[in-house]
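Derivation of every value follows stated rules applied to the coordinates shown; laboratory data play no part. Quick caveat: nothing in here was measured; it's all calculated off a predicted structure. Here the Cβ is made from the backbone with ideal geometry for all residues, glycine too, and neighbour counts use every protein chain on show.
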């Protein structure tokens, strides 16, 4: 069974030959663990199109007195500060830090659908689809807002629901619709959405606010994706509470959740009942950095048993950061491939 067939059968709960596994580029982990991790990744290949050829390293200009620090301004105008090489940074400067920016802020320019750049990318994706199931993109209308405006201000904006903010949110939604249109043109199999709607203890906004402000805008984006015959894969960290059911009700096909905040059996049963696949993303807060290799092995065995019994629905997701001892990293990757 090819990786593509395996992924499709997993989404369909149609008894794949084994549980698929997806690797993240894991730049922080590769930088820390070096050739040992590179060899491990290549010894146990994944079901997504990613190659591991070399160890990523920071630009020498970003390291002073042995300390890494990098500032980068992205195409949205956000200035990011990076303190650990290979990990996501924190916002140093917001481009839309006042309500006056709602009317004047300019979104990044998107390439024309007929550009040589996109035509070449489409050809590359068509070749990859002969073997792989392609999930691509990062469509966001909440997290992206938090990257161009302080999250505390965004939450106040959502509460007040002033017209200027709602117009700005509509402009952002329209922009993400064009991003989705581009992904449809490229011929991907699924579009990745990503908005973190939870914190450790529960959802970040009320269900009523989610339904009033965000659900109608998601539905516009989802309808477009569904009409094109693509699947929707949604990433959302935190304890989502009733917002998880809202996402299911809106017709997502896959969920990438924070697994340590849910009962794994109940979550899997809910996914099977709604025919929603999920990333099996082992706990990176405690288990992977601080657990033992045996604990990791037992957790992976438990996950594998659940999704084998369900006949699909689970996709192992492996991302190695800078904080896990190599024996834990090795236990994770080897046990995934043993029990999958």
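Roughly how many whole Å is it from the C-alpha centroid of segment 1-51 to that of segment 189-233?
26 Å
Just want the ordering: 201, 140, 335, from fewest to most Cβ atoms lying within 10 Å of their own Cβ.
Ordered by Cβ neighbours within 10 Å, fewest first: 201, 140, 335.
With a 10 Å Cβ neighbour count serving as the proxy for reagent exposure, in which order, fewest first, do 256, 80 appear?
Values: 256 22, 80 16.
Lowest to highest Cβ neighbour count: 80, 256.
Segment 67-91 to segment 295-321: how many Å between their Cα centroids?
32 Å
Take every Cα-Cα distance within segment 71-121, group them into 10 Å bins from 0 onward, and report for each bin the whole-number percent of pairs it holds.
Pair shares across the bins are 22, 31, 30, 17.
7 Å from Cα along Cα→Cβ at both residue 18 and residue 171: what's the point-to-point distance in nm?
With each label point 7 Å from Cα toward Cβ, the separation is 5.0 nm.
For the chain, with equal point scatterers placed on the C-alpha atoms only and solvent neglected, what are the log10 I(q)/I(0) values from the Debye formula at q = 0.08, 0.13, 0.14 1/Å, to two decimals?
Those come out to -0.41, -1.16, -1.35, one per q.
Based on Cα coordinates alone, diagonalise the gyration tensor for segment 1-112, multiply each eigenvalue by 5, take square roots, and list the semi-axes in whole Å, largest first. Write out the running numbers ahead of the final one.
Numbers: eigenvalues 249, 128, 23 Å².
Values for segment 1-112, descending: 35, 25, 11 Å.
When all C-alpha to C-alpha distances in segment 139-230 are sorted into bins of 10 Å, what percent of pairs does each bin hold, rounded to whole numbers?
Each 10 Å bin holds this share of Cα pairs: 15, 49, 28, 9.
Highest mean first, what order results for 90-96, 100-106 on Cβ atoms within 10 Å?
The most tightly packed comes first, giving 90-96, 100-106.
Applying a 10 Å radius around every beta-carbon, put 283-289, 52-58, 118-124 in order of their mean neighbour count, most first.
Highest mean packing first, the order is 283-289, 118-124, 52-58.
Once every Cα of segment 291-340 carries one equal point scatterer and solvent is ignored, give the base-10 log of I(q)/I(0) from the Debye formula at q = 0.25, 0.28 Å⁻¹, two decimals.
With no solvent term, the Cα-only Debye profile gives -0.92, -1.08.
Going highest first, how would you order 142-148, 259-265 by mean Cβ packing within 10 Å?
Taking the mean over residues of other Cβ atoms within 10 Å, the ranking is 142-148, 259-265.
Can you pull the three principal axis extents for the Cα set of segment 58-159, in Å, largest first?
45, 43, 23
Using just the helices of the chain, give the 222 nm mean residue ellipticity in deg cm²/dmol: DSSP H runs with n ≥ 4 each add -39,500 (n - 2.57), and the total is spread over all residues, rounded to 500. Don't jump to the answer; show the numbers that get you there.
Details: 14 runs with 150 residues, N = 340.
Value at 222 nm, helices only: -13000 deg cm²/dmol.
Give me 278, 237 sorted ascending by neighbouring Cβ count inside 10 Å, so fewest comes first. Before the final figure, lay out each step's value.
On the way: 278 24, 237 18.
Result, fewest neighbours first: 237, 278.
For segment 251-267 and segment 107-150, write down the distance between their C-alpha centroids in whole Å.
Going from one Cα centre to the other spans 25 Å.
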